[in-house]
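Participant: Shown below is the structure under consideration.
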Amino acid sequence: MVVVSHSFSEPEGIIMQTPSTKLLVNDQELGTATLYITHHDVVWGGGVGSNGGPSPTISLLYPNISLHAIQREPTPALYMVLSYELR
């Protein structure tokens with residue numbers, strides 16, 4: 001399940017968090033927020049959206065991530081292919 005919300009609360013069970021993370025969906029930047037990796041999902045939120053207001057909060061449960069890859073050079077990035085369409 002993918003949840004898009006306009007409210008944010010720090011997730012439970014955080015394994016790793018990375019502040020000031022830009023989110024791009026199909027080459028469209030949604031803003032800059034904190035990326036959280038937890039025991040159950042990936043959460044991005046608590047930042048500033050591309051329109052200058054609060055960023056949306058996006059939670060992805062692991063079964064919705066069909067492929068992921070880490071890029072280290074030239075800029076660190078996490079790529080994910082989802083079994084879900086964000087609207």
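The values are calculated or read from the model by the stated rules, or taken from the named source; none is laboratory data. Bear in mind that the values here come from a model prediction, so they are computed numbers and not experimental data. Glycine gets a Cβ as well: all are built from the backbone with ideal geometry, and neighbour counts include every protein chain shown.
Participant: Could you please give the count of residues in segment 52-75 that are without any contact (Cβ under 8 Å) to a residue 12 or more places away in the chain and farther than 22 Å from GLU10 by Cβ?
Facilitator: Within segment 52-75, residues that are without any contact (Cβ under 8 Å) to a residue 12 or more places away in the chain and farther than 22 Å from GLU10 by Cβ number 8.
Participant: Now for a different question. Does segment 62-76 contain any residue that is in a strand (DSSP E or B), under 14 Å from the mean Cα position of the chain (by Cα) and buried (at least 16 other Cβ atoms within 10 Å of the Cβ)?
Facilitator: Yes: segment 62-76 contains one or more residues that are in a strand (DSSP E or B), under 14 Å from the mean Cα position of the chain (by Cα) and buried (at least 16 other Cβ atoms within 10 Å of the Cβ).
Participant: Which one of these does GLY46 not meet: (1) buried (at least 16 other Cβ atoms within 10 Å of the Cβ); (2) on the phi < 0 side of the Ramachandran plot?
Facilitator: (2) is the only condition that GLY46 fails.
Participant: Across segment 14-54, what is the total count of residues that are under 22 Å from SER66 (Cα atoms) and either of a type in the set (Phe, Trp, Tyr) or outside any strand (DSSP E or B) (or both)?
Facilitator: 6
Participant: Suppose the filter is over 15 Å from LEU82 (Cβ atoms), small (Gly, Ala, Ser) and in contact with a His (Cβ under 6 Å, 6 or more places away or on another chain); does GLY13 pass it?
Facilitator: Yes: the conditions hold for GLY13.
Participant: Regarding segment 30-42, can at least one residue be identified that is of a type in the set (Val, Ile, Thr) and loosely packed, with under 13 Cβ neighbours inside 10 Å?
Facilitator: No, segment 30-42 has no match at all.
Participant: When you check SER59 against the structure, is it more than 23 Å from THR75 (Cβ to Cβ), at pLDDT 90 or above, in a loop (DSSP other than H, G, I, E, B) and among the hydroxyl-bearing types (Ser, Thr, Tyr), yes or no?
Facilitator: Values: more than 23 Å from THR75 (Cβ to Cβ): yes; at pLDDT 90 or above: yes; in a loop (DSSP other than H, G, I, E, B): no; among the hydroxyl-bearing types (Ser, Thr, Tyr): yes.
No; evaluated as a whole, the condition is false for this residue.
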